[in-house]
Amino acid sequence: MTTAASVDPAAELVRKRYNRVARFYDLEQALGERLLFERLRRQLWERVPRQATVLEVGVGTGINMRHYPPDARITAIDISEAMLARAQARAQRLNLAVELAQMDAQRLEFADDSFDAVVATFVFCSVPDPVAGLQEARRVLRPGGQLLLLEHVRSENALAGKLMDWLNPLIVRLAGANINRRTVENVRLAGLDDLRVSSRLLNIVKLIEARKTSP
Ligand SMILES: C[S@@+](CC[C@H](N)C(=O)[O-])C[C@H]1O[C@@H](n2cnc3c(N)ncnc32)[C@H](O)[C@@H]1O
């Protein structure tokens, strides 16, 4: 596993927060995973093409690893070394060959056009500048490559959306994640096209698929 310190102060705060919560993360997620998210993760990973080179951004403790296609070549990054340590232990338990590295999603250290697919689940709610992170995802995708996201987003319901805006500063302070991100719009702003979006949980959880259609 390669390591590097982040230099962006906002990303540094995220790194420290996830370092603090890493040991509780899987336990906190367990119920939601069992009831809902495990199925959505499986649906997302089923869309990754066979034998693809894949970058997982914000791998966390590696909850997605059990869904990795067996013939894919996977590189996975995260800003938090404590989350990455857990991901590495999980990869060993599952006997997976995953290239893990500590890196900021906003400044990926990969060449342009490096991957067939970029995947992230529940990450762009906490990346400080989500459009910058998505632009980086686009840059490292080869032309024709696929972005796959599973994210919670701001509600499209006017009242619920306003409530989320109002609550967001408190949630960011408590949990570090923004609950009012407009991630579908952000994917478009980052220059990705061919969007396909399926919605779950009152339209708040989205499975987003997009492509890099031009160089
Ligand atoms: C809510 S957790 C999701 C983890 C995992 N993807 C999952 O589905 O369980 C968010 C993860 O994104 C990582 N993260 C947040 N901002 C990041 C950034 N700028 N660059 C890389 N990773 C980041 C955090 O360290 C954390 O591991």
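About its Cα centre, what dipole magnitude does the range 9-211 give when the only charges are +1 on Lys and Arg Cβ and -1 on Asp and Glu Cβ, stated in debye to the nearest 20?
Values: 30 positive and 25 negative charges, 113 e Å.
The dipole of the range 9-211 has a size of about 540 debye.
Helix-only mean residue ellipticity at 222 nm, the chain, DSSP H runs n ≥ 4 weighted -39,500 (n - 2.57), per residue, nearest 500. What is it?
-12000 deg cm²/dmol
Label point 7 Å out from ASN203 along Cα-to-Cβ: which residues of the range 121-157 have amide N under 17 Å?
Answer for this model: 151-157.
Toward the positive end of the charge dipole of the range 9-211, about the Cα centre and with charges on Cβ (Lys, Arg +1; Asp, Glu -1), which of PRO70, VAL54, SER114 goes farthest?
The Cα lying farthest towards the positive end belongs to PRO70.
Along the charge dipole of the chain, which of ALA82, PRO128, VAL7 sits closest to the positive end, that is, farthest toward it, with unit charges on the beta carbon of Lys, Arg, Asp and Glu (+1, +1, -1, -1)?
ALA82
Of THR53, THR75, how do they rank once you tally other Cβ atoms within 10 Å and put the fewest first?
Fewest to most other Cβ atoms nearby, the residues stand as THR53, THR75.
Using only the alpha-carbon atoms of the chain as identical scatterers, what base-10 log of I(q)/I(0) does the Debye formula give at q = 0.08, 0.10, 0.17 Å⁻¹?
-0.25, -0.39, -1.29
Give the order of LYS212, LYS162 when sorted by the count of other beta carbons within 10 angstrom, beginning with the fewest.
LYS162, LYS212
Please return the longest stretch of the chain lacking exposed loop sites, where GluC sites (Glu not before Pro) count only if DSSP places them in a loop and at most 13 other Cβ atoms lie within 10 Å.
1-108
FYI, it's all coordinate maths here, none of it is from the lab. Every value quoted in this text rests on a predicted model; they were computed, and no experiment measured them. In this analysis, Cβ positions are derived from the backbone assuming ideal geometry, glycine residues included, and neighbour counts consider all displayed protein chains.
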